Structures are given as structure tokens and as C-alpha cells.
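To start, the structure itself, in C-alpha cells.
Just so you know, all these numbers are worked out from the coordinates, no wet-lab data involved. Remember, predicted model here, so these are calculated numbers, not experimental data. Glycine gets a Cβ as well: all are built from the backbone with ideal geometry, and neighbour counts include every protein chain shown.
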Amino acid sequence: MPLYSFVARDAAGAEIKGTLEGINENAVAEALITRGVFPLRITVDTGKNSSEKSFLKKIFSKKISQNDLLMFCRQMYSLSKAGIPIMSALHGLSETVENQQLVDVLKRLESDLAGGLPLAAAMSRYPKVFNRLFVSLINVGENTGRLEESFQQLADYISLEVETKRRVKSALRYPAIVICFVVAALVILNIWVIPVFAQMFKKFGADLPLTTRILIGSSNFFVNYVWAIVLILVAVPTSWIMWIRSEKGSRWWGKVQIKLPVVGSILFRSQLARFARSFSIMLNAGVGLNTALTLVAGAVDNAYLSDKILGMCAGVERGESLYQTAVASDMFSPLVLQMMAVGGETGQVDTLLLEVADYYDREVDFELKGLTAKIEPILLIIVAVIVLILALGIFTPMWDMYGAMSGKNK
């Protein structure tokens, strides 16, 4: 069916622009009127240069971040609570939002709503922006008439996610800077410093120790085979990304992540906090236990833990209690399991799960504060080993040469 551009006004008098598919202009007008929107102008969307424009937008526009979604949820909560119609709210936000990709999505949502789709169904058409958890909460809010509460819950959830990521990035900033400087120093030494010493040693015909020969060999490889290094730097990360995006690789990497020294426990606890909080939100919204577990498994950013949660879902379907499936998953500490047991007995699982999420958040915060203290000794050892290798490889033959020259002078 052809695509039509329209300009219309809603019941509140706000102007709405968008696109809609239809057999002809009359069909589009009828669809708009059915939605309570009064068309002012309907024209055929020729789509001239639309593909080129969309391609350029994808390249140059910023991706939709969690901060963008957070602001969207907060604004939608305020507008919904004030009684503003959804289409008017989306139209108003599309005029004020700075992120061009989000503007495009909001305009498409507006068109989808004008075409008769519910908000949750319209959002489900953009899974890269709105995940299944997001769509499910919006669906519950629409069906229960508490859409503003759904937006508020999503805003609170995303806000905590953003804060956790900010704390992790802040804690890892210092080690990342040190590693970058070490890598830069090694590149400079291999390109400009070691070749100078290699020429000097060759000129004097010095008998070089093994460490020096290794350093000179690595420098020669670095200088003469830059293409191979570039190829490795491109091929290895690309292969790695492809591997961890595969079904088997993502599960393996998910398991390795939570087993990593120093940072593994932080990543593990942050994922469990996300599980507990999102699970609590789904149960509080009235979503069934099995459905909530399935949706939460998709929200957890770790394929290995996601499989564990799906295993809990399978246990619940077999008739086991939430506590029994949690014990079988081997993910939670005895204290957390006890809190789940109490929640199951009192019928306050959602409240207790929020307590579990807060507990894990406190654990993550405590470990993040000590992360720098744990990483500093490791970085010092790495730097010390590099300095020792350079000292043995460069200064040892220089001392030997100086000793030989001093003996000749005597």
C-alpha cells in the first residue's frame, strides 16, 4: 500500500504530523478520524531521497542512549499524569528532543498510533530502542489504565541502571588511563628508542644477551611488519566480537565475566541487582510469575545468567516454588534465599526483591570503592616487569660495553 503524509489535529487542538499507509487518501482519513484525529491535509509521500537521508542520519546522528530513554520516560510520566493525550505528548516530545534518532522513533510511534496500534504494540516494532521488559510494562499500564505509573517505574529502573554503569566506569577510569599510557610507551619505545640502541650495539659489535635480542626482534617486527600488526588489531577484535555474539560464545563469555578476578564479583552482583529489581517491577505491575521470569531473562545482560533464570522459569512451570528454583539456580547467597523464602510465605515477593536489589547495590558500591586499591598493585607489578625487561635488555649490554672499553683503556 502507498504511504501518505498527513497533517491533523487531535481533540486538544494540537497539530500532528506523520505518515500512514492506506489504499487511498479517503482510507487514511477514515483511519485518522477513527482514532479521534481530524485530518487537515493528506498527500502521497513520494519518499524522494528518503533512503539517502536515512542513511546519513544513521551515520551522523547519536544513538539512543539510556539517558535519552530516561528523559523520555520522565517526560511521558509528567505528561500522562497531567492528562495529555498520548499522541499529543509524543508530538510535543518530538519537537523538543535533541537526539535525531529518538525524534524519528517518536514520529513513527505517532503515526502508528494514528493508524490504530496501541502504544505497546507500536513500541514493539522498535526492539533496539524498547526492549521486551519496557514494552511489557507499557502494555500492563495501558491495560490497567495506569500508564503513568509504568513510565515512572521505567524511569526509576533506568535511572538506577545509569547510576550503576556510571559508578563502574568511574572506578575503571584510572586503570584504563594507566593501561593506555603503558601501551603508548611501548609503541614509542619499539618505533623510536629501541632501533637507536640496536644500531649502536651493531656498530660496536657487542655480544647481546637474550633479553636484548628479544627486544630488538620485537622492535624490528613492529617496524617492518606494521601491516601485520594492523591486520591482527582488526582481525582479533572482529573475530572476538563475532564469537561472543554467537549463542555458544555469549554463554561462555557470560560465565567467564562473572569468574574474572577483581571485577567478576562486581559484574555478577550488578547483574543480580538488575534481575531482582526488574523482576520486582514486573510482579508489582501484575505480570504472571512465569512471564515475568521470561522477560527478566531477556533484560539481564549476561547470556549465562539468562539461561539460569530461564531454568528457574522451567522449574516454576513444573510446580516448584520460587525459593526452590532459586536454590537450584545456585546464583544467590543464603541471605538472599532467605529473603525470597520469606517473600513467598508472606505474599510480598516484589517488596522483598526490591530489598534484594538494594542489598546487591550496596555490595557493588562497596566493592567499587575498593576496586582501585585492588587494581593498583596489579598495575604496579605490570609496569615494574616492563621496566625490568627494558633495563635488562638495554642497559646490561651498555654496561658490558663500558666495562670492555674500560679494560682496553687500561
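Computed from Cα atoms, the angle from the helix 25-34 axis to the main principal axis of the chain rounds to 80 degrees.
A Förster radius of 60 Å combined with the Cβ-Cβ distance from VAL256 to PHE204 puts the calculated FRET efficiency at roughly 0.75.
Specify the residue with the greatest mean-square fluctuation among ASP112, ASP68, ASP400, computed from a Gaussian network of the chain linking alpha-carbon atoms under 10 Å apart. Largest GNM mean-square fluctuation: ASP400.
Sparsely packed loop sites in region 121-170 (the trypsin sites (Lys or Arg not before Pro) outside DSSP H, G, I, E and B with at most 16 other Cβ atoms within 10 Å) comprise ARG125, LYS128, ARG146. Taking amide H positions as modeled 1.01 Å from N, with prolines and chain starts lacking one, the residues under 5 Å from ILE16 and 5 or more places away or on another chain are ALA8, ARG9, ASP10.
Put simply, the amide H of LEU3, placed in the peptide plane, has neighbours under 5 Å in ASP45, leaving out anything fewer than 5 places away on its chain. In the chain, helices alone account for a calculated mean residue ellipticity at 222 nm of -24500 deg cm²/dmol, with every DSSP H run of four or more residues adding -39,500 (n - 2.57).
Comparing MET282, MET312, MET339 in a Gaussian network model of the chain, where Cα atoms under 10 Å apart are tied by springs, the biggest mean-square fluctuation is seen for MET339. A Förster radius of 45 Å combined with the Cβ-Cβ distance from ARG146 to TRP227 puts the calculated FRET efficiency at roughly 0.15. The HN-Hα couplings worked out from phi for region 340-354 by the Karplus form 6.51 cos²θ - 1.76 cosθ + 1.60 (θ = phi - 60°) are 5, 5, 5, x, x, 6, 8, x, 10, 4, 4, 5, 5, 5, 5 Hz, whole numbers, x standing for Gly and Pro.
Comparing SER278, SER170, SER88 in a Gaussian network model of the chain (Cα springs below 10 Å), the most mobile by mean-square fluctuation is SER170.
For the pair VAL387 and GLU95, a Förster radius of 56 Å applied to the C-beta separation gives a FRET efficiency near 0.45, rounded to the nearest 0.05. Across region 267-281, coupling constants 3J(HN,Hα) worked out from phi with the 6.51/-1.76/1.60 Karplus curve, θ = phi - 60°, read 4, 5, 5, 5, 5, 5, 5, 5, 4, 5, 5, 5, 5, 4, 4 Hz, and Gly and Pro carry x. Sequence-distant contacts, meaning Cα pairs under 8 Å at least 6 residues apart, place the relative contact order of the chain at 13 percent.
Along region 322-329 the Karplus relation, 6.51 cos²θ - 1.76 cosθ + 1.60 evaluated at θ = phi - 60°, assigns HN-Hα couplings of 4, 5, 5, 5, 5, 5, 5, 5 Hz to successive residues, with x for each Gly and Pro. Between the helical axis of 86-96 and the longest alpha-carbon principal axis of the chain there is an angle of about 40 degrees.
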